[in-house]
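To keep things clear, I will list the structure first and then write my remarks on it.
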Amino acid sequence: MATVSRVLNDHPDVSEETRRKVMAVVEEQGFQPNTNAKHLKQQASSSIAVLVKGTMNMLFADLVERIQSLLRDAGQDAAVYYLDEDANEVAYALQLNRERRPRGIIFLGGDLELFKAGFAPITVPCVLLTNTARDLGFANLSSFTTDDSAAAEQVIQHLAGQGHRHIGFLGGNWSCAQISYRRLAGCLDACRRLGLPFDVDRQCEPCRYSMPDAYAATRRLLARQPHLTAIFALSDVMALGAIRALRDMGKRVPEDISVVGYDGIVIGQYSLPRLTTVQQDTQRLAERGVEILLRGIVLGSGRPVHELIPFQLIQGESVAQIL
């Protein structure tokens, strides 16, 4: 079977006599290679798996596009798998590792508790983007992320500088393994330092990373805290859902209430008003993630790499100064 495969794929390490015998049978039987089966077999054993946690996260859509382009330039195939926001990405990766044997895995988003509990059996090189695996201690797991705490602190400092004292927080939860935890922790630190009120039960409204969920969460938050002058949504997608909810509630952004997002997705710069947001460097995240993954695949072993990628606060039109 291996010899026939080498002949059909025109490998040089086959004698001419053997090649003639195989091709004679091919011609006699009218054999045509099944390109779909060939592609599936190649994917099963040689593709790089990209696991995307959440189906409505536009930041991840940007990252997937950049990752695929970088892998294509490097002559690598990518198989992309979309998981629900609440799915166990590590269990899914373990199943893929057993059934498809990917050369490496890139995780877009991830719950660190799930990695602690179930990542050890995965032996191929892996990279986690938008969360840090620095403290997990896995030799085959690198990570690249934005300094979420510092970025959130900068948002609160900007809002306070514009005179805002009553700020609501949209999305996320307080699990220390989640990305949103570090963003909320940064908000808490900034509020304490600046003397601003921060009541988790009253000022924070959790929701999934989607516009419909953020829309409903904004209405709940304002019903509970009608005196808020600003909302910090922990993603741009949530910020856009919040702006629509506020408009439907008869409030103007930013004249009546200011809104800040997080991620820096393109659509936020074309919304009305243009969104003030923390811009993550998706190009750098993708480049470093792909670079380190391919290095791990080629070299086999090596020390994991964990880096913070710089961010930038983009001042749009969705924040007004309180006079």
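If amide hydrogens are placed 1.01 Å from N in the peptide plane, which non-local residues have theirs closer than 5 Å to the one on residue 313?
Placed amide hydrogens put 279 under 5 Å from residue 313.
Say each of residue 91 and residue 165 gets a label point 7 Å from the Cα, pointing the same way as Cα to Cβ; how far apart are those two points in nm?
4.8
Roughly speaking, to the nearest percent, how much of the chain's 1.4 Å accessible area is carbon and sulfur?
Details: 7970 of 15950 Å².
It is 50 percent, rounded to a whole number.
Restricting to lysines 8 or more places apart or on different chains, can you count the pairs in the chain with Cα atoms under 30 Å from each other? Could the numbers behind the result be given before it?
Working: 21/38; 21/41; 38/53; 41/53; 53/116.
Number of lysine pairs found: 5.
Which of the peptides 304-311, 259-266, 207-214 is most tightly packed, and how do the rest follow, going by the mean number of other Cβ atoms within 10 Å of each residue?
Working: 304-311: 16.6, 259-266: 25.4, 207-214: 21.6.
For the peptides 304-311, 259-266, 207-214, the packing ranking is 259-266, 207-214, 304-311.
Rounded to the nearest 0.05, what FRET efficiency do residue 298 and residue 136 give with R0 = 41 Å and r taken as the Cβ-Cβ distance? Could you check? Display every interim value, and only then the final one.
Numbers: r = 23 Å, r/R0 = 0.57.
For residue 298 and residue 136, the calculated efficiency is 0.95.
Please check: in the Gaussian network model of the chain (C-alpha springs, under 10 Å), which one of 29, 154, 280 has the largest mean-square fluctuation.
Largest GNM mean-square fluctuation: 29.
Each residue of the stretch 222-234 in order: what ³J(HN,Hα) in whole Hz does its phi give by Karplus 6.51 cos²θ - 1.76 cosθ + 1.60, θ = phi - 60°, with x for Gly and Pro?
Whole-Hz 3J(HN,Hα) from phi for the stretch 222-234: 6, 5, 8, 10, x, 8, 4, 10, 8, 10, 9, 8, 7.
Tally Lys/Arg at +1 and Asp/Glu at -1 over every other residue whose Cβ is under 14 Å from the Cβ of residue 299; what's the total? Could you put the intermediate results ahead of the total?
Numbers: positive: 103, 295, 303; negative: 291.
Within the 14 Å Cβ shell, the charges total +2.
DSSP loop GluC sites (Glu not before Pro) in the stretch 235-302 with at most 13 other Cβ atoms within 10 Å of their Cβ, which ones? Intermediate values should be presented prior to the final figure.
Numbers: sites: 255, 287, 291; in loops: 255.
Passing sites in the stretch 235-302 are 255.
For labels at residue 101 and residue 307 in the simple 7 Å Cα→Cβ model, what's the distance in nm?
It works out to 3.2 nm between the two label points.
Where a ≥ b ≥ c are the square roots of the eigenvalues of the C-alpha gyration tensor, would you call the stretch 39-123 rounded, which needs a/c under 1.5, or, failing that, prolate if a/b is larger than b/c, or oblate?
Numbers: a/c = 2.01, a/b = 1.14, b/c = 1.76.
Since a/c reaches 1.5 but b/c is at least a/b, the shape of the stretch 39-123 is classed as oblate.
Find how much the distance from residue 194 to residue 223 grows on full extension, using 0.36 nm per residue of separation minus their present alpha carbon separation; answer in nm with one decimal. Please list the in-between numbers first.
Values: separation 29, 0.36 × 29 = 10.44 nm, distance 2.58 nm.
Stretched fully, the residue 194-residue 223 segment lengthens by 7.9 nm.
I'd like the Karplus ³J(HN,Hα) series for the stretch 235-251: coefficients 6.51, -1.76, 1.60, θ = phi - 60°, whole numbers in Hz, and an x wherever there's a Gly or Pro.
Karplus values, whole Hz, x for Gly and Pro: 7, 5, 4, 5, 4, 5, x, 5, 4, 5, 5, 4, 4, 5, 8, x, 9.
Which distance in Å, rounded to a whole number, links the C-alpha centroids of the stretch 196-210 and the stretch 219-244?
9
Mean separation of Cα pairs under 8 Å and 6+ residues apart, divided by the residue count of the chain: what relative contact order is that in percent? Could you put the intermediate results ahead of the total?
Values: 592 pairs, mean separation 57.1, N = 323.
It rounds to 18 percent for the chain.
Calculate how many DSSP beta bridges within the chain are antiparallel, expressed in % of all such bridges and rounded to the nearest 5.
Working: 4 of 40 bridges.
Bridges in the chain are about 10 percent antiparallel.
Evaluate E = 1/(1 + (r/R0)^6) for residue 323 and residue 270, where r is the Cβ-Cβ distance and R0 equals 35 Å; express this FRET efficiency to the nearest 0.05.
Given R0 = 35 Å and the Cβ-Cβ separation, E is 0.75.
So what is the 222 nm mean residue ellipticity for the chain from helices alone, if each DSSP H run of at least 4 adds -39500 (n - 2.57) and you divide by all residues, rounding to the nearest 500 deg cm²/dmol? Mind showing how you got there, number by number?
Numbers: 12 runs with 146 residues, N = 323.
Helices in the chain give a 222 nm mean residue ellipticity of -14000 deg cm²/dmol.
The values are calculated or read from the model by the stated rules, or taken from the named source; none is laboratory data. Predicted model, so just to flag it, every value in this text is computed and none were measured. Virtual Cβ from ideal backbone geometry, glycine too; neighbours counted across all protein chains shown. Calculation scope for accessible area: heavy atoms of the full protein, side chains included, ligands and nucleic acids excluded. Shrake-Rupley method; radii C 1.70, N 1.55, O 1.52, S 1.80 Å.
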